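Data block below; observations after.
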Amino acid sequence: MWHRIQTAVALIYPPRCLGCGDLTESDFGLCGPCWRETSFIGGVVCESCGVPLPGVSDGHRIECDDCLAAPRPWQDGRSALLYDGKARSLVLALKHGDRPELARLAARWLARAGQEIFREGMLLAPVPLHWSRLLKRRYNQSALLAQHLGKEAGLEVCPDLLLRHRKTSVLDGKTATERAEVLEHAIIAHPKRQDQMQGRNILLVDDVMTSGATLAACARVCLASGANHISVLTLARVAKDA
């Protein structure tokens with residue numbers, strides 16, 4: 001009986017590619033062309049920020065020049081995609097295009113990208129949105145990613161561990177220094193959730209890492225609140241030459 005119902009639903013609502021809308025083999029997936037146009041990050045990466053690096057791994061920790069010159073306030077960082085082509089379109093659709101269903105597929109990619117940095121008992125926390133932006137968008141895309149990732153990885157999620165209590169200007173086009181200045185004191189720990197960070201390993205989840213200024217602000221708040229190791233995981237990473 002249930003199989004017949006599923007078959008009927010599939011005939012009425014056949015699975016479609018989340019990237020372009022064409023028919024595909026399964027729900028919450030990409031068709032062949034969209035898959036080929038999506039830049040997944042693999043191979044050698046900077047272990048602090050997740051940017052792809054040339055060469056091969058020699059078994060030692062590898063960091064890019066930027067992270068060596070200005071160490072991050074977190075320990076490990078990874079990203080699933082390069083922020084270009086189809087990946088950029090998917091991120092923008094999730095963020096601004098009212099496509100929350102994309103978070104379910106993206107969480108699978110995040111789970112694969114982050115498998116080396118997951119720790120037992122790790123607490124997942126999304127980068128927060130100011131209430132005014134949340135009201136306009138109706139959802140925090142980073143919180144959706146964290147919630148679906150928690151299910152994929154079997155890790156606890158605290159969607160409001162951090163708060164953005166001051167609205168900040170758009171960071172696009174600003175330098176790393178300008179971004180840091182804009183974000184200063186903009187993010188705080190939720191007063192009723194602060195105890196959850198004591199001695200915990202925290203994984204910060206966001207949609208895109210550019211300079212890392214927002215994630216750095218969040219990481220510093222977590223450390224000041226008594227957290228142990230901080231790691232970051234983003235859906236996409238802006239490459240240096242992008």
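What follows draws every value from the coordinates through simple rules; no lab data is involved. Source: prediction; values computed, not measured. Cβ placement follows ideal geometry from the backbone for every residue including glycine, while neighbour counts extend to all protein chains displayed.
Side notes on the structure shown:
- Tilt relative to the chain, helix 85-96 - C-alpha long axis, 0 to 90 degrees, to 10: 80 degrees
- Most simply put, region 137-242 has about 30% antiparallel DSSP beta bridges, counting only bridges with both residues inside it.
- Sorted by Cβ density within 10 Å, fewest first, the residues ARG137, ARG61, ARG193, ARG164: ARG61, ARG137, ARG193, ARG164
- Folded to 0 to 90 degrees: helix 141-153 orientation relative to the chain principal axis, Cα: 80 degrees
- Taking the fewest neighbouring Cβ atoms within 10 Å as the starting point, the ordered list for THR175, THR234 is THR175, THR234.
- Degrees separating the helix 102-113 axis from the principal Cα axis of the chain, which is the longest one: 60 degrees
- Nonlocal amide H pairs with GLY19, under 5 Å, H built at 1.01 Å: CYS31
- Proximal lysines to LYS86, defined as alpha-carbon separation beneath 28 angstrom and excluding residues fewer than eight positions away on the same chain: LYS95, LYS136, LYS151, LYS174, LYS240
- Beta bridges by DSSP in the chain, antiparallel share as percent, to the nearest 5: 25 percent
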